[in-house]
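**Q** Please find one structure pasted underneath; my questions will follow.
The values are calculated or read from the model by the stated rules, or taken from the named source; none is laboratory data. Being a predicted model, the structure only gives us computed values, none of them experimental. All Cβ positions, even for glycine, are placed from backbone atoms using ideal geometry, and neighbour counts span all protein chains on display. The accessibility values were calculated without ligands, DNA or RNA, using every heavy atom of the protein model including side chains. Shrake-Rupley method; radii C 1.70, N 1.55, O 1.52, S 1.80 Å.
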Amino acid sequence: ILASILMPALSRARERARIATCASNLKQIGQALHMYANDFGNAFPFWAENTLLCFNLLLGYRGSTKIGTVYLKTPETFICPSDRSSRKSTYPYLYSSINCSYAYACYTFINFYNNPPTPTWLYFTDGAPYGYDTEPDTGVVVDKQVPQHIRTNFDSWMAKWWFTGRRDTNNIDYGRKIIEKNNHNIMGINVLFVDNSVHFINSIKIGGSYYIPDIANYKGLPNWYSFINP
């Protein structure tokens, strides 16, 4: 009887420890993003809606080609300890989606008048991120979504996009729905925000299902539709 009481508590304690390690990973990624921005025209990495290519720039690689400054020393930083489906890359860069536990907000409103086209909020103005004064709670890197809750048309530019256009029985897009197979199961997700803070966003329960809240003020992920899985 005592064991049956203690085991759930121990399990929760272990998961809280894994959540803390995951948050530390995101904090390191955030610092790398801001260092990268300082060196590249005050812009975060952006590469044709491809999360892995963006993250590899932080590791000093363009694809598999070494290109210069290293902002993160190891691909292991991109592995959440709660992610049971991913494995550390055996290369010094991210070789495939299985090497990464995090999604990146590389789909936003695109300014096609810039050359190359640029997502506006990823750029800085007067030393602060675009919209910083009013939107510091814009998410940048988060725990990835499960495959069944992202776009499935993998031959298009919208592949792996969280905004699916499909709604469940609660009339909520599947991109916000989380299940036991998510990194931190139905508890919620870790989020790195544009102001370089990391917060754990608790899920909300609606009609027997769990969702990522889309509210602001670090209580949700208001730009959830901007994320693309690795």
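**Q** Please sort 188-196, 217-225 by packing, taking for each peptide the average over its residues of neighbouring beta carbons within 10 angstrom, highest first.
**A** Values: 188-196: 22.7, 217-225: 18.8.
Ranking, from highest mean packing down: 188-196, 217-225.
**Q** For the pair Asp39/Ile215, report the inter-label distance in nm, with labels modelled 7 Å from Cα in the Cβ direction.
**A** 4.0 nm
**Q** Express the accessible area of region 146-230 per residue in Å², computed with a 1.4 Å probe while the remaining protein chains stay in the model. Can you show the working numbers first?
**A** Working: 3910 Å² over 85 residues.
Normalised by residue count, the accessible surface of region 146-230 is 46 Å².
**Q** Using modelled amide H (1.01 Å from N, peptide plane; none on Pro or chain starts), what sits under 5 Å from the amide H of Tyr210, excluding residues fewer than 5 places away?
**A** Ile178
**Q** Measure off 7 Å from each Cα along the Cα-to-Cβ vector at Tyr95 and Ala13, then give the distance between these two points in nanometres to one decimal.
**A** 3.8 nm
**Q** Check cross-link reach from Lys88 to the lysines: straight Cα distance under 23 Å, and skip same-chain residues fewer than eight apart.
**A** Answer for Lys88, where 23 Å is the Cα cut-off: Lys27, Lys66, Lys73, Lys144, Lys160, Lys181, listed by chain and number.
**Q** As an exercise, use a Förster radius of 35 Å and the Cβ-Cβ distance of Ile179 and Glu76 to find the FRET efficiency, rounded to the nearest 0.05.
**A** Values: r = 26 Å, r/R0 = 0.74.
So, using R0 = 35 Å, E works out to roughly 0.85.
**Q** Pop the C-beta distance of Ser64 and Asn196 into the FRET formula with R0 = 30 Å and round what comes out to the nearest 0.05.
**A** Working: r = 29 Å, r/R0 = 0.96.
After rounding to 0.05, the efficiency reads 0.55.
**Q** OK, next. Can you tell me which of 166-179, 137-150 comes out highest on packing, and rank the rest after it, using the mean Cβ neighbours within 10 Å?
**A** Put in order of decreasing packing, that is 137-150, 166-179.
**Q** Once you have the Cα-Cα distance between Arg167 and Val146, take 0.36 nm times their residue separation minus that, and quote the gain in nm to one decimal. Mind dumping the intermediate values first?
**A** Working: separation 21, 0.36 × 21 = 7.56 nm, distance 1.55 nm.
Using 0.36 nm per residue and subtracting the Cα-Cα distance, I get 6.0 nm.
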